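Colleague: Sharing a structure, written as structure tokens. Questions coming.
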Amino acid sequence: MLDYHLHLWEHGPRTLEVTLEQVAAYCEQAQAEGVVEIAITEHLHRFRQADAVLGGWWEAEPPGAVRDAMADFWYGEVGADLDRYVEVVLAAKDAGLPVVLGLEVDFYRGRMHDVAAILDGYPFDVLLGSVHWLGAWGFDGVGSDVVMAEWDARAVEDVWDAYADSIDELADSGVCDVLAHPDLCKVAGRRPAVPDEWHARMAEAAARGGMSAEVNSNGWRKPAAEAYPAPDLLARFHAAGVPVTTATDAHRLDRVGERRGDVARLLVDAGYQSVAGFRGRQRRAVPIAVAPTPTDGGPSGRVAV
Ligand SMILES: [Zn+2]
Ligand SMILES: [Zn+2]
């Protein structure tokens, strides 16, 4: 397995230090879990360099509790130094540890050219693209009363429309390599009765933009209660020729590689025979190994990635 979506810090205010020992500990945990390579993919919005360009972006949205919550969230998260982060992860990679340099890039409507300018010149291996916010509404903050009141105020089809619009713009921007948690719009467990048209849009956007898609086990921990993407969407990615990565989205060391067997089964069921690894933003295929169990050795054997 690859774990291509990992964070060094939990959300919220904290000391945003990054050390070689920390990255080495992630690699050690990964190897103990049978994960052959990881990507460290911290959120772009945690870095001062992003705040300098993008800070206050929510001021373009209508005033109110939703916008205030976004401002609070932003200033509770920001503070790390992107240069230091890059330097430390590259040092770990240069030392031969099984890690590549990534970033989880937030989608900012109408501002992806500014995002590209921030990222320009850094030697990233892989860039994840994520839609977490619709306007100033951080719809995936399902523990927040303000966020959930907005879910109650909106028709679920409208939310999924807005999300798919953002995915279209993100994919067409060409800024990122991998669509992270592709159907995050289901995070709260609210779905249209028949999500086919939205799934079709997401698969088409990824294929059109030349993006890979991520199979992310974190959805099992949310009200959505399934991995991202849904099996129907994963099948559509496969049919559209969209490669996939595998990921936990862990924000803690002890969750690296979590549910990798379940993720591998989803991939095999959808018809995938390889996953995508990245170096210098160039994709390569990594085979999915199917290991026979000691007892039967048959096709129902343990699946490993
Ligand atoms: Zn995310
Ligand atoms: Zn993440």
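The values are calculated or read from the model by the stated rules, or taken from the named source; none is laboratory data. What you see is a predicted model; the values in this text were computed from it and never measured. Areas reflect the complete protein model, heavy atoms only, side chains present, ligands, DNA and RNA absent. Shrake-Rupley method; radii C 1.70, N 1.55, O 1.52, S 1.80 Å.
Colleague: Rounded if a/c is under 1.5, else prolate if a/b is larger than b/c, else oblate: which is region 1-76, with a ≥ b ≥ c the root eigenvalues of its Cα gyration tensor? List each step's numbers first, then the result.
Modeller: On the way: a/c = 3.02, a/b = 2.53, b/c = 1.19.
Prolate.
Colleague: How much accessible area per residue does region 1-91 have, counting only protein heavy atoms and a probe of 1.4 Å, in square angstrom?
Modeller: Working: 3740 Å² over 91 residues.
Solvent-accessible surface per residue comes out at 41 Å².
Colleague: Further question: Below 8 Å, C-alpha to C-alpha, sequence gap of six or more: please give me the relative contact order for region 95-151 in percent.
Modeller: Once normalised by length, the contact order is 33 percent.
Colleague: Helices from the chain with mean Kyte-Doolittle at least -1.0 and a Cα length along the axis of 20 Å or more, per DSSP H: which? Write out the running numbers ahead of the final one.
Modeller: Details: long enough: 156-173 (26 Å, -0.34).
Qualifying helices, which must be both long enough and hydrophobic enough, are 156-173.
Colleague: Now for a separate question. What whole-number distance in Å separates the alpha-carbon centres of region 139-180 and region 232-282?
Modeller: 21
Colleague: Then there is this: Could you work out what % of the accessible surface of region 2-60 is carbon and sulfur, using a 1.4 angstrom probe and leaving DNA, RNA and ligands out of the count?
Modeller: Numbers: 1140 of 2320 Å².
Of the solvent-accessible surface of region 2-60, carbon and sulfur hold 49 percent.
Colleague: Counting only heavy atoms of the protein chains, get the accessible area per residue of region 182-232 (1.4 Å probe) and round it to a whole Å² value.
Modeller: Numbers: 1800 Å² over 51 residues.
Value returned for region 182-232: 35 Å² of accessible area per residue.
Colleague: What percentage of the solvent-accessible surface of region 108-147, computed with a 1.4 Å probe over protein heavy atoms, is contributed by carbon and sulfur atoms? Don't skip to the end; give the middle numbers.
Modeller: Details: 700 of 1440 Å².
With neighbouring chains kept in place, the figure for region 108-147 is 49 percent.
Colleague: Another question, then. Can you give me the % of accessible surface on region 174-263 that is carbon or sulfur? Probe 1.4 Å, all protein chains present, nothing else counted. Present the calculation step by step, with values, prior to reporting the outcome.
Modeller: Numbers: 1440 of 2980 Å².
Exposed carbon and sulfur together represent 48 percent of the surface.
Colleague: What whole-number value in cubic angstrom gives the convex hull volume per residue for the C-alpha atoms of the chain?
Modeller: 125
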